[in-house]
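These notes are about the structure you will find just below.
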Amino acid sequence: MTLSNKLSLAVLGMSAAVVAVTGTMAVAASPAATAVTTRQANFKKMGGAMKVLKDQLASGSIDKAQAVAAAKTLAATGRAQAGLFPNGSGASAGVKTDALPAIWTNRATFDSQMKAYIAQADKLVAAAGTGNAAAIGAQFKAVGGTCGSCHKQFRADN
């Protein structure tokens with residue numbers, strides 16, 4: 001066997017090992033872990049959007065484009081969140097999460113609260129579109145109220 005053939009076989013072997021390891025890593029993430037990771041990332045996005053609006057309201061200066069973008073992030077992300085709590089994606093799945101078992105044992109209430117949040121976030125998009133600080137502030141509080149209500153019942157760290 002020539003040196004060239006030996007190198008080719010070595011490279012091929014190393015490539016197969018890399019594929020095997022990365023393939024195993026991709027399979028290692030369970031659907032529950034993926035749901036938890038995605039919903040946690042989305043909650044961080046939502047927190048960032050709330051901060052944009054809070055800061056604008058506190059400063060008394062509304063940047064309409066930024067306010068609308070933040071409100072749209074809240075509405076869109078809320079819609080996505082509703083589907084990120086499949087059965088088996090709580091702490092019992094062995095994944096670190098603040099989601100309480102009540103999400104799954106009292107699903108009708110949880111789903112209702114998610115719908116209420118989405119409705120309030122949609123109203124925030126409309127209010128942000130006006131650029132009116134008073135309207136945005138009132139609807140910002142309504143959105144925050146739906147967040148807090150859900151957290152009290154369904155989030156462990158509150």
Might you check whether a residue that is among the polar types (S, T, N, Q) and modelled with pLDDT of 95 or more occurs anywhere in the range 82-92? no
Can you pull out every residue in the range 87-103 that is over 12 Å from residue 155 (Cα atoms), touching a helix residue (DSSP H, G or I) at 6+ places or on another chain (Cβ under 8 Å) and part of a helix (DSSP H, G or I)? 93
Selection status of residue 77, open to solvent by less than 60 Å² (accessible area, probe 1.4 Å) and either in a helix (DSSP H, G or I) or farther than 21 Å from residue 157 by Cβ (or both): yes
Neighbours by Cβ (under 8 Å, 6+ apart or cross-chain): first from the range 135-146, under 13 Å from residue 58 (Cβ atoms); second open to solvent by 30 Å² or more (accessible area, probe 1.4 Å) and of a type in the set (A, V, I, L, M): 136/57; 136/62; 137/57; 140/50; 140/57
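The values are calculated or read from the model by the stated rules, or taken from the named source; none is laboratory data. Everything quoted here is computed from the prediction, not taken from an experiment. Note that each Cβ is placed from the backbone with ideal geometry, even for glycine, and that neighbours are counted across all protein chains shown. In case anyone asks, the SASA skips ligands and DNA or RNA and just uses the protein heavy atoms, side chains included. Shrake-Rupley method; radii C 1.70, N 1.55, O 1.52, S 1.80 Å.
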